[in-house]
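Asks: Here you go, one structure.
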Amino acid sequence: MPTVTISVEDVGGIGMPAGGGTFYLPKRELRVWGYFGTELRMRRAVFDTGAPACVLPHRVWSRLALRGDITWISSGAAGPFIRVFGGSYPFRLGRVRLKLIDLSNELTPSDVTAICTDDPQTAPAHLQLPILIGLADVMRGRVLRVEAAADGQVWSATLGEQ
């Protein structure tokens, strides 16, 4: 069964006063690398188990659209809104080819549903929407395995084909 390793990163939790000391609540993200459409460079994305589909910010999908890598399945972005990372953005739906990889393995490419947001392009880099890999088509015929050590400090994750 081919698998790719997904990195589990603590991206800055919060410390809470508790019992005379501090209790740290980590914020962990699953990070994965992939190729979208016919792009020759890998893109880093957040594997979001709560996202219904992949979410591609304007800076990503606009380049894919120029090359014809997106098949649109809804009309322009004047329509519905999606809440992502504290903002609300109009979007349109498309289909794009995605191949997930790690340093030594890759999964079979699949066509995935993409929520293409019309987010502002003037936001500073640290405030720009990340690429999210949602579960809709990515999980078809695959298994996501996330494990934590007994002490909860060390986490690991893989995505594999059945």
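The values are calculated or read from the model by the stated rules, or taken from the named source; none is laboratory data. Values in this document were obtained by computation on a predicted structure and should not be read as measured data. As a convention, Cβ positions derive from the backbone with ideal geometry for all residues, glycine included, and neighbour counts pool all protein chains shown. Areas reflect the complete protein model, heavy atoms only, side chains present, ligands, DNA and RNA absent. Shrake-Rupley method; radii C 1.70, N 1.55, O 1.52, S 1.80 Å.
Asks: How far apart, in nanometres, would the label points at Trp72 and Ala149 be if each is projected 7 angstrom from Cα along the Cα-to-Cβ direction?
Replies: 5.1
Asks: Using a Gaussian network model on the chain with a 10 Å cutoff between Cα atoms, which of Trp72, Trp61, Trp33 fluctuates the most?
Replies: Its mean-square fluctuation being the largest, the pick is Trp72.
Asks: For Tyr89, Tyr35, Tyr24, give me the order by solvent-accessible area with a 1.4 Å probe, most accessible first, ignoring ligands, DNA and RNA.
Replies: These residues rank, largest area first, as Tyr24, Tyr35, Tyr89.
Asks: Rounded to the nearest Å, what's the spacing between the alpha carbon centres of the range 2-81 and the range 140-161? Just the number, please.
Replies: Their Cα centres are 17 Å away from one another.
Asks: For a quick check of understanding: with a 1.4 angstrom probe and all protein chains in place, what accessible area in square angstrom does Leu135 have, to the nearest ten?
Replies: Counting only protein heavy atoms, the figure is 60 Å².
Asks: Moving on to the next point. Summing +1 for each Lys or Arg and -1 for each Asp or Glu, what net charge is found among the other residues whose Cβ lies under 15 Å from the Cβ of Asp137?
Replies: +2
Asks: How much accessible surface area, in Å² rounded to 10, belongs to the heavy atoms of Glu39 with a 1.4 Å probe?
Replies: About 20 Å², rounded to the nearest 10.
Asks: Further, regarding this structure: Charges only on Cβ, +1 for Lys and Arg, -1 for Asp and Glu: so what's the dipole of the chain about the Cα centre, in debye to the nearest 20?
Replies: 400
Asks: Mind giving me the FRET efficiency for Arg43 and Ile14? R0 is 30 Å, r the Cβ-Cβ distance, nearest 0.05 is fine.
Replies: My answer for the efficiency is 0.60.
Asks: With the dipole of the range 46-124 worked out from charges on the C-beta (+1 for Lys and Arg, -1 for Asp and Glu) around the Cα centre, which of Thr108, Gly94, Gly68 lies farthest toward the positive end?
Replies: Ranked along the dipole, the leading option is Gly68.
Asks: Under a GNM of the chain (C-alpha, springs under 10 Å), which listed residue has the highest mean-square fluctuation: Pro120, Pro26, Pro17?
Replies: Its mean-square fluctuation being the largest, the pick is Pro17.
Asks: Excluding Asp111 itself, what net charge comes from residues whose Cβ is under 12 Å from its Cβ, given Lys and Arg +1 and Asp and Glu -1?
Replies: So the surrounding residues net to +2.
Asks: Please report the accessible area of Phe85 (heavy atoms, 1.4 Å probe, ligands and nucleic acids excluded) in Å², nearest 10.
Replies: 120
Asks: Still on this model: Explain nothing, just compute: Karplus ³J(HN,Hα) = 6.51 cos²θ - 1.76 cosθ + 1.60, θ = phi - 60°, for every residue of the range 153-158 in order, whole Hz, x for Gly and Pro.
Replies: 7, 10, 10, 9, 8, 9
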